[in-house]
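These notes are about the structure you will find just below.
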Amino acid sequence: MLSKKLELLGAEKHGAFGVDCETYHTAAAISSQGQTGKLMYVMHNSEYPLSCFALFENGPCLIADANFDTLMVKLKGFFQNAKANKIESRGTRYQYCDFLVKVGTVTMGPSARGISVEVEYCPCVIANDCWNLLMEFMQSFMGSHTPSIPSVFGTKHDSIYSPADTMVQYMELFNKIRKQQQVPVAGIR
Amino acid sequence: MADGVLSPGVNLEAFSQAIAAIQALRSSVTRVFDCLKDGMRNKETLEGREKGFVAAFQESLHSVSRDLGELERLSNLVGKPSENHPLHNSGLLSLDPVQDKTPLYSQLLQAYKWSNKLQYHAGLASGLLNQQSLKRSANQMGVSAKRRPKAQPTTLVLPPQAGLVATPELPILPHDSLREGSEKRIKDLFLLLRYVDDVINRIDRMFPEMSIQLSRPNGTSAMLLVTLGKVLKVIVVMRSLFIDRTIVKGYNENVYTDDGKLDIWSKSNYQVFQKVTDHATTALLHYQLPQMPDVVVRSFMTWLRSYIKLFQAPCQRCGKFLQDGLPPTWRDFRTLEAFHDTCRQ
């Protein structure tokens, strides 16, 4: 239904996209030093095919080359892959003027868990500046489902938006989806 | 085939006769030269030899003139086939039997139509442009610029002649002045360059959220790279103190070409900035004050500065942010309020 509304608006299909996220547990060797076991997420985004994003919950975000994955295999002793927790979102990219909209289905294992909507306004590099503009755009096709301002924006003030910020939002979204079974919607950038 | 195309004006009969006449002419001319080559034949007396030679020579010359007269008469009968054709001689191309291989004739016709149309449209355009004379032309500037130093006292003391130099012929000045050997003009030129630098510097200091980089990649005329907050970048091409061209690009877009020069030709990838570029060009034409070019630059920059809220200001008319997927890209020249392109009065 969302895609139909977008197409009515005049958006054009522009290929496909995919974001995936794997979860790693810190192994006993590290967590025994008094810290609680932290989760690390390794994510890929088809928009940045040469990069690999490694994020800690509420923590730093590391952007590495795509062969970071092989490194993670070697680090098995420290980080263990939780296979069952792999979650991904795949769908279609739409382009409408300078907006880039990605509507994807979030799947975890074999089951579909929800829909993700990513909206990007490419000309603007400061997320807070164009938030009102984004809101208006999202209202035009999502109606009452328009999300409130993402938490990333609060901390960013007026620094330049980066791909890592998108990934943090995807991580938060995926976490939310894991916990609850509803259909949340995320507005990004 | 030739019958059909060469029209009734051509007399085929006369044609073949004329060809025969040409052959006759050629043979008689050959005879003249033969006669000259052979020289005097062997006769008993010297007198006899000369007589014989002269007679033969005279006769052959006569036959040449007779054949030539005949040819001239016939050529009048033949007429001029090419004149009947609208495309003159090029019309004969249509007679080419190998037309399928070389589509020269049809291409020629098309090119002809094109150039006709082009001429017509160019005529219309020049008529329209003459109606709306933009007061940016070089000559007016040169005259009025003379008065500028008096009208606008600046911190830099310009000699009165500097105004003369402020004409757009500037870029070729160094050559001329070298030829004339006049050092004064070079001095004036440098004073003018310093004056431009000075004006730009003052504007740069005036607006803290705006940074201006001045460069002169092509000699005297300056190019500015204006970065406005974290919103957009503008490339401004100047000709002394007059703005010639502006291009607006996104903050994250590349403004340099591969070899590190400012890219003054390519446009922005984003529709918003393409629109803003259009509006900025309109603004160039709007802010006109030939007597005080520095004021023009300053007001243009002030206008440009209002784009700092390009993505944040809603339209003053409809109160919305978006219209056809674009934010309010128009800024009023006087009030600097934001409007959508279609919402402005």
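Assorted remarks:
- In the range A:147-162 there is no residue that is under 20 Å from A:M1 (Cβ atoms), in a helix (DSSP H, G or I) and modelled with pLDDT under 80.
- Residues that are surrounded by fewer than 15 Cβ atoms within 10 Å (Cβ to Cβ) and modelled with pLDDT under 85 within the range A:31-55 comprise A:S31, A:S32, A:Q33, A:G34, A:Q35, A:T36, A:G37, listed in sequence order.
- Within the range B:211-233, being under 23 Å from B:Y270 (Cα atoms) and outside any strand (DSSP E or B) holds for B:G229, B:K230, B:V231.
- Selection within the range A:88-146 - of a type in the set (G, A, S) and either open to solvent by 50 Å² or more (accessible area, probe 1.4 Å) or under 19 Å from B:H340 (Cα atoms) (or both): A:G109, A:A112, A:S140, A:S144
- Test: B:P290 is touching a Ser or Thr at 6+ places or on another chain (Cβ under 6 Å) and farther than 26 Å from A:F99 by Cα: yes
- For the range B:196-210, the criterion of a residue being in a strand (DSSP E or B), in the same structural domain as B:T282 (by TED's automatic domain parsing) and free of Cβ contacts under 8 Å to residues at least 40 places away in the same chain is satisfied by no position.
- When the range B:302-329 is filtered for residues that are open to solvent by less than 50 Å² (accessible area, probe 1.4 Å), within 22 Å of A:V125 (Cα to Cα) and away from every other protein chain (no Cβ under 14 Å), the ones remaining, listed by number, are B:W303, B:L304, B:S306.
- Filter result (of a type in the set (D, E) and within 14 Å of chain A (Cβ to nearest Cβ)) within the range B:224-263: B:E253
The values are calculated or read from the model by the stated rules, or taken from the named source; none is laboratory data. Treat the numbers as computed from the prediction; the structure is a model and nothing was measured. For neighbour counting, all protein chains shown are included, and Cβ atoms are generated from backbone atoms with ideal geometry for every residue, glycine included. Keep in mind that these areas ignore ligands, DNA and RNA; they rest on the heavy atoms of the full protein, side chains included. Shrake-Rupley method; radii C 1.70, N 1.55, O 1.52, S 1.80 Å.
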